[in-house]
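Data first, discussion second: the structure below is written as structure tokens.
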Amino acid sequence: MKNTALTHVHEALNAKIVPFAGYNMPVSYEGINIEHETVRKGVGVFDVSHMGEFLVTGENALALIQKVTSNDASKLEIGDAQYSCFPNEDGGIVDDLICYRIKENQYLLVVNASNIDKDWNWISKYNTEFKADLKNISDDYSLLAIQGPKAIEAMQSLTSINLAEIPFYKFKIGDFAGVEHAIISATGYTGSGGFEIYVKNEAAESVWNKVFEAGANLGIKPIGLAARDTLRLEMGYCLYGNDINDTTSPIEAGLGWITKFTKDFVNSENLLTQKETGVTRKLVAFELTERGIPRQDYPIVDGEGNVIGIVTSGTMSPSLGKGIGMGYVTKENAKRDTEICIQVRKKAIPAKVVKLPFYKG
């Protein structure tokens, strides 16, 4: 198992460390509910340095990205970020990612930790045609996510950049906590505002300490991956390996908004056909109407007990105090307010299909 540059810091804080995507990662410090509420109401800091980063440079950098991703990266100005995915030849998803336009002919792709090698091989295969300059810098950079409504207040003293002027899915490169060329990005995955900070590994501990010093009077806390999961699920954000994978298409997953058919990309013709003719199943959000906790792989059934789908993500929402989840169901059962049931062991717990996000802060 790999360690991040901050693993020893988490150990000193008595975090519960678990193996995740090949890394020793902090899953919790004080408990999910406390950490979840800290981010919803105050400010918390995640170490997400396990994420992968690929630098794509050269005159064919954009052409390569346009070929392997579903979204239209030609729309990106310098300082823009974009949520996208890598479609595979069979209509599934290799991974989801964020694409940053760093400067002219240079892009940063941030991918999931569990897929770094797979994604690298995937892009490299297509790059034999485009011959862009590819660099896997995943092991060189650390990533801190400073999240919550008090994030700007906690961070502003650490940078000369006006953080309030960085809108969602924009970023700036500049000074932060003594680092000259940090990437400060408004691309958090919690729905409560804040920023993600990319710095070289050797600066990570110093930046972590300065952030906690600056936010001390705001009750800043370290946050583990367990709360990150409940926070993202309350917003209805997909998690690779749960809600999307190699067998789920972006159209089925409700990601048509990042699938742009104004360009040619891997399997675009088949996905366009799928969009035009419809799909047989769809990813939906649901709330339990009785007490219970849905979990991944629980069957979704109709009123007669017929299996109509499967849960991909589920939890007891700390913010809402009820069971929530996402899952794939047949298209006939995907309409909002459709009554369904989640099979929890031998009991079918009533639920209904709802609109995302679950949490509206």
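FYI, it's all coordinate maths here, none of it is from the lab. Since we're looking at a predicted model, the values are computed, not measured. Cβ coordinates were reconstructed from backbone atoms using ideal geometry, including for glycine residues, and neighbour counts include every protein chain displayed.
Note on residue 289 and residue 77: with the Förster distance fixed at 51 Å, the Cβ-Cβ geometry gives a FRET efficiency of about 0.70. The calculated 222 nm mean residue ellipticity attributable to helices in the chain amounts to -6500 deg cm²/dmol, summing -39500 (n - 2.57) over DSSP H runs of n ≥ 4 and dividing by all residues. What is the calculated FRET efficiency for residue 347 to residue 90, with r their C-beta to C-beta distance and R₀ = 45 Å, to the nearest 0.05? The calculated FRET efficiency here is 0.80.
The residues neighbouring residue 8, those whose beta-carbon lies less than 12 Å from its own, together hold a net charge of -3 under the Lys/Arg +1, Asp/Glu -1 convention. Working ranking of peptides 324-334, 202-212 by packing, defined as the average number of other Cβ atoms within 10 Å per residue, highest first, is 324-334, 202-212. Overall, the stretch 280-354 carries a charge dipole of about 160 debye about its Cα centre when +1 sits on the Cβ of Lys and Arg and -1 on the Cβ of Asp and Glu, all other atoms neutral. Dipole size of the stretch 246-294 about its Cα centre, with +1 on Lys/Arg Cβ and -1 on Asp/Glu Cβ: approximately 100 debye, rounded to the nearest 20.
Treating r as the C-beta distance of residue 126 and residue 20 and R0 as 35 Å, the FRET efficiency rounds to 0.80.
Set against the 2.2 N^0.38 Å expectation for a compact globular protein, the stretch 52-136 has a Cα radius of gyration ratio of 0.96.
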